[in-house]
Every structure is written in C-alpha cells, then in structure tokens.
Amino acid sequence: MAALPSVCIIGAGSSGIAAAKALHERGIPFDCFEKSDRVGGNWVFGNKNGMSAAYRSLHINTSRERMEFSDFPMPAWYPDFPHHSHIASYFDLYVDHFGFRDRIAFETGVERAERGADGAWTVTLDTGEQRRYDALVVANGHHWDPRWPEPAYPGSFDGAQTHAHHYVDNKPFEGRRVLVVGIGNSAMDIAVESSFVSERTFLSARRGAYVLPKYIFGRPLDQIGVNRLTGAVPWAIRQRFLAAMYKVGVGNVEDYGLPKPDHGLGEAHPTISADFLNRLAHGEMAYKPGIASLAGERVLFEDGSEEEIDAIVWCTGYRVTFPFFDEGLISAPGNDLPLFRRVFHPAIDDVFFVGLLQPLGAIMPLSEAQGQWIAAYLRGEYALPDPAALAADVEAERRKMFKRYVASKRHTMQVDFDTYLHDLRRERKAGARRMRERGFALPVPARAGAEAPAS
C-alpha cells in the first residue's frame, strides 16, 4: 500500500470539521487550520475571527433532524429549530466525540496556498511558517465577505447603513424608521426584529418570494414527505406537491401585501420565516418595491413613492472569495466557480471544495457526504470520470441549474438537498466501478509530506 497523501484543510466551520472527520476515520494524514479559537465557523456568535454572520437571536431555519450529521444525532432535548448556541455546542461535541481536535490548529490562518510544478501545495500560514501538502481541502465558507449593492444606487444617504453580516440585535433601531433591503432569510429575520422596536420598518425587494413557514400541519415543513428515495423523484412532481401544500397552508403571498413571485415554488433559494407574513398582515411593517434612488434622509422607490428613513440594512448577500489563492489560479467571478458535483475542480486534481454550495435544505449532511467522497478518492477507492465526460457533466449540471433557478448571483451554486445526496450516492458507486476497471492506484501521490520543515 502506497503512502496516503497529506492534506491541508482550510477552515474548521461546519464543513471543515465534516471533512476532517472523514479523513480522520479513514487514516488520511491532515492538518486543519482555523482562524478562530474554536470550531463552528458561521454558527459561533461573536466569533473571534470576525467572519460569523450569526446574530443574537438566530435560530436555524431547517429542522434539527435535517441538519444533523448522519452518525451523530443532535441531543434529543434540542428544540426542532435550535438556537445558534445549541448548534455551536453540537459542533464542539462532534469534534470531541470523534477525537480529532488535536489535528486543528486554532488561531492560525492560511495566508497563501500555492501549487508547485510537482503538484504539491505550499501553504503559508499567518505565523509565517510554510508547510507542504499533497492535497488541499477548501472549507473557508461563503457567508463572510459581504456584498454591497452592485452597482450602487444613485444618490447618497445621510442616515446609518450596515450590512446584514454585521447585524447583532434590534437595539439600534428603537424609535427609528428602518429600511431592510432584500428578500432572503436574513432580510426577513431582521425586518421582523426591527418591527418590534422601530417607529416603522419597511422591507424593499425587487421581486416577490414564496415565504415558507417552519411548521405546516403540526410538523416541521422540511420533514414532510421526505425519505431516502425522495431525491429519485423528478423535481416537477415534487414541485407540484409542494405548491399544493403551500396553497393550502399559506395561500397567496399577494394577500399579505407582497408582489406575486415571478417564478415557481422552489425555483429560488427558499425564504423561511414563521413571523414575517404575520407582521405584514398585522400592519407592523410594510413592503416597498425596489429602490430607485437615495436622497439624503429620504429613499425613493420604483413605484414613485418615497419614505423618510433613518437606517438602512443591506441584506444583499455575499461574495465568494478565496483570499489565499492567486486569482489567476482559482477564483469565483460573479460568485461562479464551476466544479464537478460542487467538489472537484475540473482542471486541478488535488484541490477539493467542501460546503461551497447553496442547498434547498441544510448544508451539514451535504458537507459530510462530500468529505466522505473526498476520503474515498484519496484512498484510491473512487475514480473520476475521464476529462471529457467530467467536463460534460459539469456543463450539464450548470445548464440544469440555470434553467431551474432565478438568474442571479444568489443562484450560482444551488442544489436540491435530496437530489444532491441521491446523485452523489450514484456517482460514488459509478466511480468505484471505474476504479476497479482501471486498476487500483492512488490518484494523488504522496509527494510533499505534512511534516516538511518550516522555511
């Protein structure tokens, strides 16, 4: 048996620890580098690395049973939709239960990752130390680099402005007139919280959205009609079922004062809120169309109306960035990085991405499956399709995604939770057959060694 390749994992958030656990249990040598002083990434409120978007009252919007790792259930006493502190604690328990905390270097960031002519990676840490690895797993997250309106709206605004990434709680909005811009989950959560203390809260969005409740018929919505075979059911059939259920359980969003969505249910990333429609129906907040321009203390909207505003919260998403890569090597212009099944780079066979996807559902079980897939590949148990077939698969997946989802920077790496897991199981079986046909060989040779001396 040839020596297994050494691996560097960048990030110890929910995706990084899933990858680390997969490598650990398969005996693959690795180091994991985390800028913060603890695991959990985005789910650590007030994270020391400054990269977390968690706010004080944050709860998950996918249910506990759909978010937990497959071999480590969340504590039974957790509520259906736990608080961020529960989730962060769960990740700590996960790392300690499987025994790989000593492989994580805390308060240590990766400044540079450069690929040499021999294929090995030279990783420069923020301590100045350099190490060499045979392969790289990128799990640095994609909800930490705020994206402001592009292009900026005409005019200027004299009041306070912040991005949703920096939102902590609603205290700064007491007695003020607040405008929340966006129609995603953060926008609705922040608008709801603001509406309890502000003089008036408005939510501005350029298009309508289906607002999904957390519960329907007394059960978490994301658990209804779901089993291991769900991903094999064609989306068109599932969409009709969901639309019928939504019609009965929610009705029409137009009846709550929102515009009719210009797309079908499930054709945009889901917006989930237990309270938003109620606050609208009670008159505690108001919807406004897209912004036309900013004018000092006033905001003008596309319908010709205007409002005096004291504070704006921009819920305009995030940029997908990899500050440790040279942009000429790997980058995601317009948040778009084509990958084979959202993991394998089509041109570089020893760099892998975990959690770089936006699922209709929770990301953690998908990251877990991705980590296991990478481990199988590194151990020579799985073979990729030949380059032409791989490129064709990437292109076919992208065409399918862009056809289904609303065209925007929000939908450049969208996947359906159940379909993704179903397709990944099938691909792993196909890759195992390819490996048997080609003959066993480690796809990434051990060239560098994680214990190379610092330069």
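Of note:
- In this entry, PHE325 is excluded by the filter for residues that are crowded, with 16+ Cβ neighbours inside 10 Å, more than 27 Å from the chain's Cα centre (by Cα) and not aliphatic (A, V, I, L, M).
To keep it simple, each residue is scored yes or no on (1) hydroxyl-bearing (Ser, Thr, Tyr); (2) assigned to a loop (DSSP other than H, G, I, E, B); (3) over 18 Å from GLY16 (Cα atoms).
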position: VAL313; (1), (2), (3): no, no, yes
position: PRO338; (1), (2), (3): no, yes, yes
position: LEU366; (1), (2), (3): no, no, no
position: TRP373; (1), (2), (3): no, no, no
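- So ALA286, is it aliphatic (A, V, I, L, M) and in the same structural domain as ALA391 (by TED's automatic domain parsing): no
- Of all residues in segment 167-176 being of a type outside the set (A, V, I, L, M, F, W, C) and in a loop (DSSP other than H, G, I, E, B), the one that is surrounded by the fewest Cβ atoms within 10 Å (Cβ to Cβ): GLY175
- Residues being surrounded by 13 or more Cβ atoms within 10 Å (Cβ to Cβ) and either without any contact (Cβ under 8 Å) to a residue 24 or more places away in the chain or over 20 Å from VAL320 (Cβ atoms) (or both) - total across segment 131-166: 12
- Scanning segment 94-125 for residues that are of a type in the set (A, V, I, L, M, F, W, C) and without any contact (Cβ under 8 Å) to a residue 12 or more places away in the chain yields a single hit, ALA117.
- Test result for GLY128, without any contact (Cβ under 8 Å) to a residue 40 or more places away in the chain, surrounded by fewer than 14 Cβ atoms within 10 Å (Cβ to Cβ), assigned by TED's automatic domain parsing to the domain that holds ALA19 and assigned to a loop (DSSP other than H, G, I, E, B): yes
- Scanning segment 375-401 for residues that are assigned to a loop (DSSP other than H, G, I, E, B) and either in the same structural domain as HIS269 (by TED's automatic domain parsing) or of a type in the set (Asp, Glu) (or both), we see that the one that is farthest from VAL320 (Cα to Cα) is GLU381.
- Among all positions in segment 112-119, there is at least one residue which is in a strand (DSSP E or B), under 26 Å from the mean Cα position of the chain (by Cα), among the aliphatic types (A, V, I, L, M) and surrounded by 21 or more Cβ atoms within 10 Å (Cβ to Cβ).
- Screening ARG426, ARG399, ARG410, ARG433 for residues that are touching a residue at least 40 places away in the same chain (Cβ under 8 Å), among the basic types (Lys, Arg) and on the phi < 0 side of the Ramachandran plot leaves exactly one candidate, ARG410.
- Some residue of segment 415-435 being β-branched (Val, Ile, Thr), touching a helix residue (DSSP H, G or I) at 6+ places or on another chain (Cβ under 6 Å) and either surrounded by fewer than 17 Cβ atoms within 10 Å (Cβ to Cβ) or outside any helix (DSSP H, G or I) (or both): no
The values are calculated or read from the model by the stated rules, or taken from the named source; none is laboratory data. Because the structure is predicted, anything quoted here is derived from the model rather than measured. Virtual Cβ from ideal backbone geometry, glycine too; neighbours counted across all protein chains shown.
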